[in-house]
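Remarks on the structure that follows.
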Amino acid sequence: MKILVIGSGGREHAFAWKLRQSPHAEHIFCAPGNAGTGEIAENVAIPATDLDGLARFAKENRIDLTVVGPDDPLAAGIIDLFASEKLRAFGPTKAAARIEASKIFAKELMRTQQIPTAEARTFSDSSEALRYCERLKFPVVIKADGLALGKGVIITADVATAQSTIDEMMNQHRFGDAGRRIVIEEFLRGTECSLHALVDGKNHLLLESASDHKRALDGDEGPNTGGMGAFSPANNWNNKLQSQFETEIMQPLLHGLLQEGIKFRGLLYPGLIITSEGPRVLEFNCRFGDPETQALLPRMKSDLLPLLEATIDGTIDKCAIEWDTRAAVTVVLASAGYPDKYETGKSISGLDDAAKLEDVRIFHAGTKRDAGKIKTAGGRVLAVTALGSTIEAARARAYEAVSRIHFENCHYRRDIALSAVAANIDKLP
Ligand code: AMP
């Protein structure tokens with residue numbers, strides 16, 4: 001099969017790496033890819049947002065399967081476009097992708113299906129939102145309705161910060177159109193967990209649990225980012241939570257989508273927070289997580305390709321996934337300043353040395369090849385994953401690999417998966 005992977009992050013490098021191991025994969029293209037995908041696949045210089053260009057490329061090159069990584073092309077309707085051109089692609093349609101692209105749509109669906117989530121109100125008028133804040137108990141969470149690269153969620157500690165956040169989102173258009181409408185919701189306390197499910201329209205198949213670190217700095221300080229690290233399995237997940245998740249979240253969600261006339265086909269992952277009263281949904285994502293994918297795929301023993309095909313064909317109920325029982329820890333190396341302004345073009349050294357370590361995989365994100373050298377080209381630069389018999393062992397190996405890699409002003413968190421090492425699993429709900 002000829003496969004096209006769309007996107008240029010660590011998640012897409014992990015897809016290309018995993019799909020290349022399939023005996024059915026003959027040739028893999030990445031659009032636009034990065035320096036890492038360029039080593040194992042053929043990069044094609046078409047941006048992930050150029051839907052027409054991508055469809056033309058897929059047609060001309062007789063691509064058998066396209067796998068879409070990021071949310072933007074999904075929200076813009078790439079799957080609908082490919083379907084109209086009779087091109088086979090993995091991911092939800094534009095209507096189904098609204099579960100991620102509109103937090104208000106997701107909230108309304110959760111309300112009608114009584115899916116446990118934070119109490120919330122939605123606003124399209126900034127003066128109403130500003131007034132509403134005056135009578136709230138803080139902290140509260142303010143969310144832009146639309147897609148904002150994972151940065152449109154602000155936790156505010158007092159009324160003044162809440163009001164300036166509302167003003168920035170709704171009046172100063174900090175996130176463009178995405179902040180035209182907002183959600184103001186109660187702040188929930190607990191630990192977070194990501195559950196990925198392959199959904200074929202009707203049935204679903206859960207992947208192993210994972211956990212990511214969204215804040216930029218150690219100790220969960222600093223602004224939210226796309227993700228600074230991940231580990232799998234999540235240490236706060238157990239069978240009881242899983243059955244609660246199935247009956248209280250997944251089943252009503254898929255039922256609710258069908259009631260709306262939406263057949264979701266692709267990867268659906270609810271971001272959860274485990275509170276003292278059980279799991280609550282923070283958000284829905286309609287594609288694989290980044291960096292969760294970089295922690296999950298090295299643990300997946302089964303071939304990914306037939307799983308993606310079964311999801312498209314509506315036969316995921318006939319599939320099972322075999323997992324490596326070892327744990328995975330992924331540390332993201334970012335350019336200093338990320339998620340705000342950062343510099344690019346810095347030479348990266350030590351990649352080969354780090355890759356020599358056993359059970360270590362280095363996935364590229366914001367990298368490019370320039371005159372034979374690998375240089376930084378984005379906010380998140382690399383995702384370094386290691387497997388280990390325990391989270392602790394995986395963590396030690398991942399940081400050993402990280403210590404071998406250098407670029408100017410490299411920033412990474414030192415505490416990825418640390419809570420999972422210290423936690424006593426028996427004490428969790
Ligand atoms: P989201 O994109 O909605 O998942 O939000 C990004 C991050 O913000 C989450 O992973 C949480 O860390 C945090 N967050 C979002 N909503 C809430 C909430 N209601 N209570 C506490 N933290 C939240």
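For the subset of region 85-116 comprising residues that are of a type in the set (S, T, N, Q) and open to solvent by 70 Å² or more (accessible area, probe 1.4 Å), which member is farthest from the ligand (Cβ to nearest atom)?
Let us first name the residues in region 85-116 that are of a type in the set (S, T, N, Q), namely 93, 102, 112-114.
Next, only the ones that are open to solvent by 70 Å² or more (accessible area, probe 1.4 Å) stay: 112, 114.
Details: Thr112: 19, Gln114: 17 Å.
Among them, the one singled out is Thr112.
Hey, does region 355-377 have a residue that's of a type outside the set (Ser, Thr, Tyr) and part of a helix (DSSP H, G or I)?
yes
Given the residues Ala377, Ala396, which is the only one that is open to solvent by 40 Å² or more (accessible area, probe 1.4 Å) and closer than 20 Å to Tyr338 by Cα?
Values: Ala396 fails: closer than 20 Å to Tyr338 by Cα.
Result: Ala377 is the single residue among Ala377, Ala396 that is open to solvent by 40 Å² or more (accessible area, probe 1.4 Å) and closer than 20 Å to Tyr338 by Cα.
Looking at (1) more than 10 Å from the ligand (Cβ to nearest atom); (2) in a loop (DSSP other than H, G, I, E, B); (3) within 19 Å of Pro223 (Cβ to Cβ); (4) without any contact (Cβ under 8 Å) to a residue 40 or more places away in the chain, find the lone condition where Lys137 falls short.
(3) is the only condition that Lys137 fails.
In the set Ala197, Ala216, which member is under 15 Å from the mean Cα position of the chain (by Cα) and among the hydrophobic types (A, V, I, L, M, F, W, C)?
Details: Ala216 fails: under 15 Å from the mean Cα position of the chain (by Cα).
Within the list Ala197, Ala216, the selection yields Ala197.
What pairs come up if the first residue lies in region 147-165 and is under 20 Å from Ser127 (Cα atoms), the second is open to solvent by 50 Å² or more (accessible area, probe 1.4 Å) and among the charged types (D, E, K, R), and their beta carbons are under 7 Å apart, counting only those six or more places apart or on different chains?
Filtered contacts from region 147-165: Val159/Glu134.
Quick one: would you say Leu19 is under 22 Å from the mean Cα position of the chain (by Cα) and either closer than 20 Å to Ala83 by Cβ or surrounded by fewer than 20 Cβ atoms within 10 Å (Cβ to Cβ) (or both)?
Working: under 22 Å from the mean Cα position of the chain (by Cα): yes; either closer than 20 Å to Ala83 by Cβ or surrounded by fewer than 20 Cβ atoms within 10 Å (Cβ to Cβ) (or both): no.
Here the answer is no, as Leu19 does not meet what is asked.
Among (1) within 12 Å of the ligand (Cβ to nearest atom); (2) among the small types (Gly, Ala, Ser); (3) open to solvent by 10 Å² or more (accessible area, probe 1.4 Å); (4) not in a strand (DSSP E or B), there is one condition Gly226 misses while meeting the rest; what is its number?
(4) is the only condition that Gly226 fails.
Can you tell me how many residues in region 247-272 are β-branched (Val, Ile, Thr) and open to solvent by less than 10 Å² (accessible area, probe 1.4 Å)? Explain how you work it out, then say what you get.
First, pick out the residues of region 247-272 that are β-branched (Val, Ile, Thr): 247, 249, 262.
Keeping just the survivors that are open to solvent by less than 10 Å² (accessible area, probe 1.4 Å) gives 249.
Residues that pass the stated criteria total 1.
Looking only at region 117-134, which residues are away from the ligand (no atom under 12 Å from the Cβ) and open to solvent by less than 40 Å² (accessible area, probe 1.4 Å)? Spell out how you get there, then give the answer.
Within region 117-134, the first condition is being away from the ligand (no atom under 12 Å from the Cβ), and the residues that meet it are 121-134.
Once the filter is applied, which keeps residues that are away from the ligand (no atom under 12 Å from the Cβ) and open to solvent by less than 40 Å² (accessible area, probe 1.4 Å), region 117-134 yields Phe123, Ser126, Ala129, Tyr132, Cys133.
Name the pairs whose Cβ atoms lie under 6 Å apart, with the first residue in region 283-310 and within 16 Å of Thr66 (Cβ to Cβ), the second in a helix (DSSP H, G or I) and not aliphatic (A, V, I, L, M), and 6 or more positions between them or separate chains?
Correct list of pairs: Cys286/Glu100; Arg287/Asp71; Phe288/Arg11; Leu304/Lys18.
Table: residues versus (1) more than 16 Å from the ligand (Cβ to nearest atom); (2) in a loop (DSSP other than H, G, I, E, B).
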position	(1), (2)
Leu258	yes, no
Glu283	no, no
Asp290	no, yes
Leu296	yes, no
Thr311	yes, no
Ile321	yes, yes
Leu333	yes, no
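The values are calculated or read from the model by the stated rules, or taken from the named source; none is laboratory data. Keep in mind that this is a model prediction, so the values were computed, not measured. Every residue, glycine among them, receives a Cβ derived from its backbone with ideal geometry; neighbour counts consider all protein chains shown. For accessibility, only protein heavy atoms count, side chains too; no ligands or nucleic acids. Shrake-Rupley method; radii C 1.70, N 1.55, O 1.52, S 1.80 Å.
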